[in-house]
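Heads up, the thing below is written out as structure tokens.
Just so you know, all these numbers are worked out from the coordinates, no wet-lab data involved. Bear in mind the structure is a predicted one, so any value in this text is a computation, not a measurement. With ideal geometry, Cβ positions are generated from the backbone for all residues, glycine too; neighbour counts draw on all protein chains shown.
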Amino acid sequence: MDDLASFLRTRRARVAPGAVGICADSRRRVEGLRREEVAHLSGVSVDYYVRLEQGRATQPSEQVLDALARVLGLDETERGHLDRLARQRRRRAKTPSGRVRPELLRVLDLVAGAPALIMNHRLDVLAGNRLAGLLYGRPLPDLNVARHLFLEEAEGGLYADWETCTLDCVGHLRLAAGKYPDEPRLTSLIGELAMGSERFRRLWARADVRARAHGRKAYRHPLVGPLELHQENFALPDEPSMELLVLSASPGSASEDALRLLAGLGGEVADETPATKAPGPRVIHEQVDAG
């Protein structure tokens, strides 16, 4: 699904020759650097680098990976991804169980006034508090953010920064594919997205990787209007494939008022629909993938 060869080719194509001291004239037909140029700048033989891009080389040393990262201008996230791809044949990450500990569910209950959810490497929402469900307007156990973003939403929908969100989403799934290359559910999800979304196919072909991090998230909620929130990601001990995400509004902001209004509207709906009154976060448990 993801390999060292394709990652090297896409990274090589984005490096401008002038950025590494190579003069390029109008007759140049190669986008980015040539293979022999990368080999020369990295201090490896052309034959060895060609075999790397063809997937025929033995596992490259740490020194070679460092040199390639320097020449290709990889950032910290890309450098880590490069290392994982290079080591795939030696060790495979164990498929996560997807079980959410009861203690984590209690933490979600304690988060008041802000949407909070637990998400895995496939961008499945495993559990969320009441306000998170109201934000998305649907049962959280059925929500995969990547599928929601590419197959169910579009520009002008819930995500105010839809294009940026799609970049982040694909970059995250690329990282996950490098870490769990043999996971059937992840492979199936990527295939489904590629079949159903031209934008996903184009972004996936770029092989960009992005680490999910804190930052601004903007929404257009159909009930309360614009929401500008700050997303904070928290790593979970002993759960490397999961993160706790909290979306908070600045104190005294219009978004804080909108979240309060959303919580109140949700309460009115709950009063009218007894089946929605069940307390606590919504949670799903996955079956463990084989392999």
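Results, tabulated for the structure shown:
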item	result
Cα centroid of the range 108-187 to Cα centroid of the range 12-35, whole Å	38 Å
Overall Cα dimensions of the range 4-86 - principal axes, largest extent first, Å	37, 27, 20
Overall Cα dimensions of the chain, principal axis frame, Å, largest first	70, 43, 34
Net lengthening on full extension, Val20/Glu198 (0.36 nm per residue, minus Cα-Cα)	60.7 nm
Two-site FRET efficiency, Asp161 against Glu31, from Cβ-Cβ distance with R₀ of 30 Å, rounded to 0.05	0.60
Linear extension gain, Leu110 paired with Arg185, 0.36 nm per residue minus alpha-carbon span	23.9 nm
For the range 129-278, projected area of the alpha-carbon convex hull averaged over all directions, nm²	10.2 nm²
Sum of -39500 (n - 2.57) over DSSP H runs of 4+, divided by residues of the chain (222 nm, nearest 500)	-13000 deg cm²/dmol
